[in-house]
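Below is one structure, written out as structure tokens; comments come after it.
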Amino acid sequence: AVLSGNPNQRDVISVIDYLKQYVLARMTYEDFEKENALDVLSQVPIYSEGTSDATQTERELEEKHAQVFKMLSELPTQRNQLLLETEQLLLDHFKSKPKSRGIFFVRSIVHTKYITQWINSSHKLKEVIRPSPITGHSQKGFTKEEQIRVIEGFRNGQFNLLASTSVLEEGLDVPDCDLVIRFQLLSNEIAAVQAQGRARACDSMIHTVIQSQSAMNY
């Protein structure tokens, strides 16, 4: 509140907010579908809505954002090759191991929702996979009670695939799994070892799915 009282500092904060959302949108466009990226962009702050005190910088941000949103909306929809390959990987695994349980690690909290929606929108996948997102206790994440409910559902078979961020790499008490997928994740060595530690069941499989030319992997 103190910072926003200074026009220059307020503009800096506004630009940073936009940049954060655009970085997430770029990441989402690479990992999922155009519609998911548009969903991320639809959540950028609109400073002039319902108020007349938006700064010139904020109005310019909104104008540029409207142009970008329109341009992305008009792009032809193309299937994400990474998702197509991941779909086959999941089908092969769960059809050969109907009692399998797995964890699908993604790069962002919102991506846990998109993976779950993607599976549930596929007739083939939802025949063999019962997914649920699970995240940590951040502002947009799960409460402790929600985490416990999902993990209990995973334990009793209500869910057989958890879509998660690194929260499950860091220490929640999750039942043994025989499948771990790290989707577009090039994290540090410790995180990789922690993720591998989740695949404790016999004949476990660990897959890292990466788009090699991704500008976001660095």
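Divide the volume of the convex hull around the Cα atoms of region 1-132 by the residue count and you get 129 Å³ per residue.
Restricted to Cα atoms, region 19-79 shows a radius of gyration and a Dmax of 12.7, 42 angstrom. Taken over region 73-155, the alpha-carbon convex hull comes to 111 cubic angstrom per residue. Computed over protein heavy atoms with a 1.4 Å probe, the carbon and sulfur contribution to the accessible area of region 1-127 reaches 56%.
In the full protein context, region 60-189 carries 53 Å² of accessible surface per residue, based on a 1.4 Å probe and ignoring ligands, DNA and RNA.
The values are calculated or read from the model by the stated rules, or taken from the named source; none is laboratory data. Computed from a predicted structure; not experimentally measured. These accessible areas exclude ligands, DNA and RNA; they are computed on the full protein's heavy atoms, side chains included. Shrake-Rupley method; radii C 1.70, N 1.55, O 1.52, S 1.80 Å.
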